[in-house]
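For reference, the structure discussed in these notes is given below.
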Amino acid sequence: QRLINNRGKIMPTASLSPIGIITAQLGDQIELGEGPKGRRLISDVISLEFKSDKINASLATNDAADWLTISNNGKLGSLDVRFTLATEDGAFIYVEYSGRADMESGLIATAPTFQTSHEKYLWMNNIQAVAAGQIDEQGKLVYNLYQVDVFAD
């Protein structure tokens, strides 16, 4: 259905295009306890791979982490994640995202963005991605990653 704004113009819509799979293994955790925003949990990211038909990359450094804030009732997690990828052809890509985690089911929705200066991957600077993921009991996290395509008919 087309949405029209109050000036008679068609409102933009969006669709999703698959762009890859991210697989991460979380490691040691530090629980900071209750703070002004909720209970804070920091998890090391010990390995990470991003695979698609356009990119094959893994974790570039050991400074990746997942800063998770858990709601007072323990059911909702608010993510703050940052890491740097190294592609198989030598490019570096910085990735950051926030999102929400259902702490009971392990289901996660995020909105990654990318930054790089490598000519082959400049297209990544221009996209907004969304990811649908799930974490298991062993700390393995798998995301299906999508590009958000915005357009007006």
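The values are calculated or read from the model by the stated rules, or taken from the named source; none is laboratory data. These figures come from a predicted structure and were not determined experimentally. Glycine gets a Cβ as well: all are built from the backbone with ideal geometry, and neighbour counts include every protein chain shown. These area figures cover heavy atoms from the full protein model, side chains too; ligands, DNA and RNA do not enter into them. Shrake-Rupley method; radii C 1.70, N 1.55, O 1.52, S 1.80 Å.
Please build a GNM for the chain, connecting alpha carbons under 10 Å apart, and tell me which residue among LEU122, LEU85, LEU107 fluctuates the most.
Answer for the Gaussian network model of the chain: LEU122.
Working out 0.36 nm times the residue gap between TYR94 and SER17, then minus their Cα-Cα distance, what length gain in nm do you get to one decimal?
Extending this stretch completely gives an extra 25.6 nm.
Per-residue accessible area for SER15 at 1.4 Å probe radius, Å² rounded to 10?
Surface open to solvent at SER15 totals about 50 Å².
Would you mind pulling out the separation of the Cα centroids of the stretch 1-34 and the stretch 80-104, in Å?
If you average the Cα positions of each part, the centres end up 14 Å apart.
If you look for lysine pairs in the chain that are eight or more places apart or on different chains, how many of them have Cα atoms under 22 Å apart?
5
Given charges of +1 on the Cβ of Lys and Arg and -1 on the Cβ of Asp and Glu, with all other atoms neutral, how large is the dipole of the chain about its Cα centre, in debye to the nearest 20?
So the dipole magnitude of the chain works out to roughly 740 debye.
What list of ³J(HN,Hα) couplings, whole Hz, do you get for the stretch 64-70 from phi and the Karplus terms 6.51, -1.76, 1.60, once you set θ to phi - 60° and write x for glycine and proline?
Per-residue couplings from phi come out as 6, 7, 10, 9, 10, 10, 9 Hz.
Using modelled amide H (1.01 Å from N, peptide plane; none on Pro or chain starts), what sits under 5 Å from the amide H of ARG39, excluding residues fewer than 5 places away?
The answer is ILE70.
In whole percent, how big is the carbon plus sulfur part of the accessible area of the chain, probe 1.4 Å, protein atoms only?
Answer for the chain is 50 percent, counting heavy atoms of protein chains only.
What net charge do the residues around TRP123 carry, taking every other residue with its C-beta under 14 Å from that of TRP123, with Lys and Arg at +1 and Asp and Glu at -1?
Overall, the nearby charge balance is -1.
How much accessible surface area, in Å² rounded to 10, belongs to the heavy atoms of MET11 with a 1.4 Å probe?
80
Eigenvalues of the Cα gyration tensor times 5, then square-rooted: what semi-axes does that give for the chain, in whole angstrom, largest first?
Those come to 28, 23, 13 Å.
How far, in nm, would the chain grow between LEU122 and SER71 when pulled straight, counting 0.36 nm per residue and subtracting the alpha carbon separation?
14.7 nm
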